[in-house]
Structures are given as C-alpha cells and as structure tokens.
Amino acid sequence: MSMINIPPHNDDDEYKEVGVGVIPVIRYITGVNEMNRGKRPYRRNGQLMVLAVIMMMLTACAKEAPIAVQTTPSTVAAPGAGEAAKSAEMPSAAKESLRTAFPQEDPGHFQVKQEAEQPEGEPNRDPVEAVLDMYEALQANDSVSYFRHADIPSVRMSPAMLKVLFEEAGKREVRAERFKLFDKEGLDEVSSRLLSLTYGSQAEIVLEELSQGDQNLWFVTAFADGLKVVEQSTVYPGAYELGREATMEELIAVEIRHTAEDRAFFAAKAKQPVWNPVQTVSLLYQAAQAEDAETFHTMSGGGEGYFSGQYERDMVEFTEWMKSFESVRHMSIESVSRENIADGYSQEYDERFGDGWQFIVAWDPRDEAGYQGTSWIMAPSEDGTRYVVKQTLTANLESFFK
C-alpha cells in the first residue's frame, strides 16, 4: 500500500507511518485488510485516529469539489528548461504565439497552477535532488513549489492529504546522506517492465533510509518541466513473507507491483487519469527515446489509441526526433486551449472525439520560422482512467490556430 511516511520530530530513530493517501482511506472504508499486504502490525495501530480525521476531511472536500473526469479546456504545461535554455530551443514565433494567442486558463484551476508555474533555472537532473527539493517545499509549506517537484495522484486530488504532509514534514530534519539512487538494473525483467509501463521508460527509484532497515521508495520520472516525484511507498526487511534474508531488489519488485495496482485502483475509483495529457505525451517521448515499443504502445492507449496496430514503425519518427534531445526535459510541450484552435478543427474534433479532447503541441526547436512541431490530440479513455492518443501530426501547425 502506498503511504507517505514522515518521521516525527521528537525521535529521529523511530518512524511512524501517517496514512495520507486517498487509496489507503478508500481501502480502509471498503474493508480491505491492509495487513495481508505485509505491513507491520505496529504500524497499523497508530493510524485509526488519523484515518478517522482524514475521512472526515475527505468527506468535506468531496462535497466542495467532487472528483470527475476533467472536460475543461486544456491546461498550459511548463516548458522543459529554464528561461535561457528556452530562448535557444523554442521557435521565436511559437514563443510569441504562446504568450499572446494562447493565454493561460483560469489561474484558480488547481491543475493549471501545477503546470503553469515554472521553476527557475534548469530542471533538476538528479532524482535524489528532486526528492530533496520536494521535501524542502513541504517544509516551507509551499504548495506551488511542492507541485513543481511532485505529482503523487492521491495527494494532488486531496488538499487534506497535502495539509497533513506539510504538518509532518515541518517536524523533521531531512538528511541528504539518507537518500540514494536505487540501481534498477538489479530488478528482474518482469519488474523492470512494470516499472516502465507504470512510471515511464526513464523512471528512477530513490531510496530514503528510515529506521530498523526500513526504506522509503520515491518514484521519480521526467516531464518537459523537469523531474517529478510521482509515487511513494515503503519496504522493510521481512515484508511480504519473503523473510529477512530477502534482497532489496526482491522487496522493491513486490512493491512496484503493489503501487501499480494501487494507482489502477485509484484511477478506477476516481474515474480520473493519473497522468494528464502533457505528462502522457512526455512519457511517449521517453519511451521513444529508450526505443521501448511496449511502453510507447501502452502509454498511447493500447488497442484504444491511435497506434492500436502496435507496429514498430509507429515509434520510429519520435525516436529519430529524440536524437536531438538529451532528455524530454529539454523539450517544449504545451497544452493549447480549444478557444485558440481554429473553429473548423475544433468542430471536427468535437464530432470525432467528443468534448473531452485536448490539443498538445511538442514544438520543434530546430524550426526557426516558428510553427513546426507535432500535435497530439488526447482524449479520455473509455473507462476514464487515462488519456489516449486519438491523432498525431508532425507539420507546420500555424493553420490549426486562430
């Protein structure tokens, strides 16, 4: 079970688990026995009061802002590099069009704030630094900064959960020496594939040392606006009846499966994708760069998406594109609201894809003229748990805009 673990301030050697994920609360309510997942009994006893409080907060939040599939105009994603890098990479005309023709959506929209706020300087290159930056934002009680560095679905969907994170993070001292990058090459093939299919072909795992051999697992992946922490879990020696002699690779392999199941469960319950359209496109470019055809096909929507034939040639164009980039973090991937799409195209997409489609653009920095890039039409899947590719086109895109 994915839980956020923040140690208390008064005893650095003893850590307590604070359940702040939506999934744990849902499973508690529905009677699913978390003990069967291999968690220590003593961890469960101290959470009942916390769960009760969180359930009440969730109920209040749900009355004010019920979870639903987003059908509002698309949000504006942050470019993938700092201001100086963007000037060199992004076409001048395209930059100007984004400043004027494509204004941001309502600043009060929660997801817009998450995507539109841009970090200063280069995106983080070190997954460990991304986790430390997330902690720094939590300790500063800065939600805007937090969402620059993290996007854990259960936290994103519940302000109550984020509030608990802020409160607990403020009580501890974060020590950089407790964090290290896990060598995912040690994973078995099945677990490695599941890691890619769930978090992206270039996902990494950061280990945070707790007490008694316990380890926090922070899953980190790359988007156009930098590295982000996208999930968290905990393992401990002897978990899952593997015995205390089990290796860290074996423990993490089991936890990868559990967090994947949790995210699928959360998406199904919330009927909302865990990745937004810009993130989904970023993960497609990740897969293309890694020449990972399986992840590319799955992230694009599988049999429901534009690349349903699962032909290897579908990915070739984007693999070649990515040869010009060190990482997807150096790309400019933007979401354009339908109000800025030419009426003819907007009406066509409404008829073909319904009213939930979103228009995503990956700009080509090699085109100094301005509008060369790849458009991605993304729409919710039939079950509402993900965004799928409905159409893509690499061309001069000027005619698509008002």
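Cα convex hull, segment 162-226: 139 Å³ per residue, rounded to a whole number. Pairwise inverse Cα distances across segment 169-267, averaged and inverted, put the Kirkwood hydrodynamic radius at 14.3 Å. The separation of segment 239-273 from segment 285-340, counted between C-alpha centres, amounts to 26 Å.
Dipole magnitude for segment 270-402: computed about the Cα centre from +1 point charges on Lys and Arg Cβ and -1 point charges on Asp and Glu Cβ, it is near 240 debye. About the centre of its Cα atoms, segment 226-327 shows a dipole size close to 460 debye [charges on the beta carbon of Lys, Arg (+1) and Asp, Glu (-1) only; nearest 20 debye]. Using the average count of surrounding beta-carbon atoms within 10 Å as a protection proxy, the listed peptides 178-185, 261-268 rank, highest first, as 261-268, 178-185.
Using unit Cβ charges (K, R positive; D, E negative) and no other charged atoms, how large, in debye to the nearest 20, is the dipole of segment 169-256 about its Cα centre? Dipole about the Cα centre, nearest 20: 380 debye.
Taken over the alpha carbons of segment 215-260 as equal point scatterers, the Debye sum produces base-10 log I(q)/I(0) values at 0.25, 0.29 Å⁻¹ of -0.86, -1.04. Per the Debye calculation on segment 288-402 with a single equal scatterer at every Cα and no solvent contribution, log₁₀ I(q)/I(0) for q = 0.11, 0.12, 0.13 Å⁻¹ amounts to -0.37, -0.45, -0.53. Once you sort the root eigenvalues of the Cα gyration tensor of segment 257-315 as a ≥ b ≥ c, which label holds: rounded (a/c under 1.5), prolate (a/b larger than b/c) or oblate (the other case)? Prolate, because a/c is 1.5 or more and a/b exceeds b/c. Protection proxy ranking, highest mean first, for peptides 199-206, 156-163, 217-224: 217-224, 199-206, 156-163, where packing is the per-residue count of other beta-carbon atoms within 10 Å, averaged. What separates the Cα centres of segment 360-382 and segment 151-225 is a distance of 30 Å.
When each of the peptides 295-304, 276-285 is scored by how many other beta carbons lie within 10 Å of its residues on average, the order from highest to lowest is 276-285, 295-304. Ranking A268, L242, F223 by how far each Cα lies toward the positive end of the dipole of segment 203-287 (charges on Cβ) leaves A268 at the top.
Each value in this text was obtained by applying a stated rule to the coordinates, not by laboratory testing. Note that this is a predicted model, so its numbers are computed, not measured. Glycine also receives a Cβ, built like all others from the backbone with ideal geometry; neighbour counts cover every protein chain displayed.
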